[in-house]
Amino acid sequence: MITVHQILSIKESRIITVSPNTLVYEALEIMNSHNISAILITENDALVGIFTERDYARKVVLKGKSSKEVQISTVMTPAPIVINPKQSLDHCMQVMTEKHIRHLPVEENNKLTGIISIGDVVKFIIQDQKQTIQNLQDYISS
C-alpha cells in the first residue's frame, strides 16, 4: 500500500503559507514565484484555509473583485479537507474525486507537514507502474 508519507518523501519539502489578511494579489505573486497552484492559509501555525487558482477564477475574477483590494480570508476555502501521512494513495484519490478537489494538506499531530496535489498522485502512480513493469520484464528475461 502506497502512503502519503511515501509521496512526501520524494517531493520537495516546502510548505508555502500566507496569513488570512494577505491580499489576493500578494498570494498570487507568491504562488507564481514558487510555481504552485495552491497556497495554504495559516494563523498562529494552524491551518485555516486553502486558496487555489480555481478560487481565484471563481471568487475574484468572475465576481469582478480586485485582487489588490481583497484579503485572501474572504475568498479562501475555509477548513480544507486534511489527510495524514499514513493514509493510502487510494484514499487520497477517492477523496479528491468525490470532493472535486486537487490539493490535500497533510497534517500529523495537528502540525502541517505538507501538501499533495493530484499531479503528485499521478506522478507517483506512473513511477510505481514503471517500476512494476521493469520488475516483470526482469523476471521474464531471467
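The values are calculated or read from the model by the stated rules, or taken from the named source; none is laboratory data. Quantities reported herein were computed from a predicted structural model and do not represent experimental measurements. Please note: Cβ atoms are built from the backbone with ideal geometry, for glycine as well, and neighbour counts cover all protein chains shown.
Restricting attention to the range 49-69, the residues that are surrounded by 17 or more Cβ atoms within 10 Å (Cβ to Cβ) and under 19 Å from Thr17 (Cα atoms) total 7. One residue alone among Asn44, Asn84 is out of contact with any Gly (no Cβ under 7 Å at 6 or more places or on another chain), without any contact (Cβ under 8 Å) to a residue 12 or more places away in the chain and polar (S, T, N, Q), and that residue is Asn44. Within the range 87-97, the set of residues being touching a residue at least 40 places away in the same chain (Cβ under 8 Å) and either assigned to a helix (DSSP H, G or I) or under 13 Å from Val122 (Cα atoms) (or both) comprises Leu89, Asp90, Cys92.
Listed here are the residues, each with its yes/no results for (1) at pLDDT 95 or above; (2) more than 14 Å from the chain's Cα centre (by Cα); (3) of a type outside the set (Val, Ile, Thr).
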| position | (1), (2), (3) |
| --- | --- |
| Pro20 | yes, yes, yes |
| Glu29 | yes, yes, yes |
| Ala38 | yes, no, yes |
| Ile41 | yes, no, no |
| Lys59 | yes, yes, yes |
| Val70 | yes, yes, no |
| Thr74 | yes, yes, no |
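A count restricted to the range 92-117 and to residues that are surrounded by 16 or more Cβ atoms within 10 Å (Cβ to Cβ) and not charged (D, E, K, R) stands at 13. Got at least one residue in the range 9-16 being in contact with a helix residue (DSSP H, G or I) (Cβ under 9 Å, 6 or more places away or on another chain), modelled with pLDDT under 95, under 27 Å from Asp128 (Cβ atoms) and in a helix (DSSP H, G or I)? Looking through the range 9-16, at least one residue is in contact with a helix residue (DSSP H, G or I) (Cβ under 9 Å, 6 or more places away or on another chain), modelled with pLDDT under 95, under 27 Å from Asp128 (Cβ atoms) and in a helix (DSSP H, G or I).
Conditions tested, residue by residue: (1) aromatic (Phe, Trp, Tyr); (2) part of a loop (DSSP other than H, G, I, E, B); (3) in contact (Cβ under 8 Å) with a residue 12 or more places away in the chain; (4) under 26 Å from Val121 (Cβ atoms).
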site	(1), (2), (3), (4)
Met1	no, yes, yes, yes
Gly49	no, no, yes, yes
Ala57	no, no, no, yes
Lys63	no, yes, no, no
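Beta carbons closer than 9 Å, at least 6 apart along the sequence or on distinct chains, pair a first residue in the range 112-139 that is under 17 Å from Ser9 (Cβ atoms) with a second that is among the aromatic types (Phe, Trp, Tyr) for Ile116/Phe124. How many residues are touching a strand residue (DSSP E or B) at 6+ places or on another chain (Cβ under 8 Å) and closer than 21 Å to Pro105 by Cα if we restrict to the range 52-70? Selection size over the range 52-70: 3.
The requirement of being in contact with a Gly (Cβ under 9 Å, 6 or more places away or on another chain) and among the charged types (D, E, K, R) is fulfilled somewhere in the range 4-14, by at least one residue.
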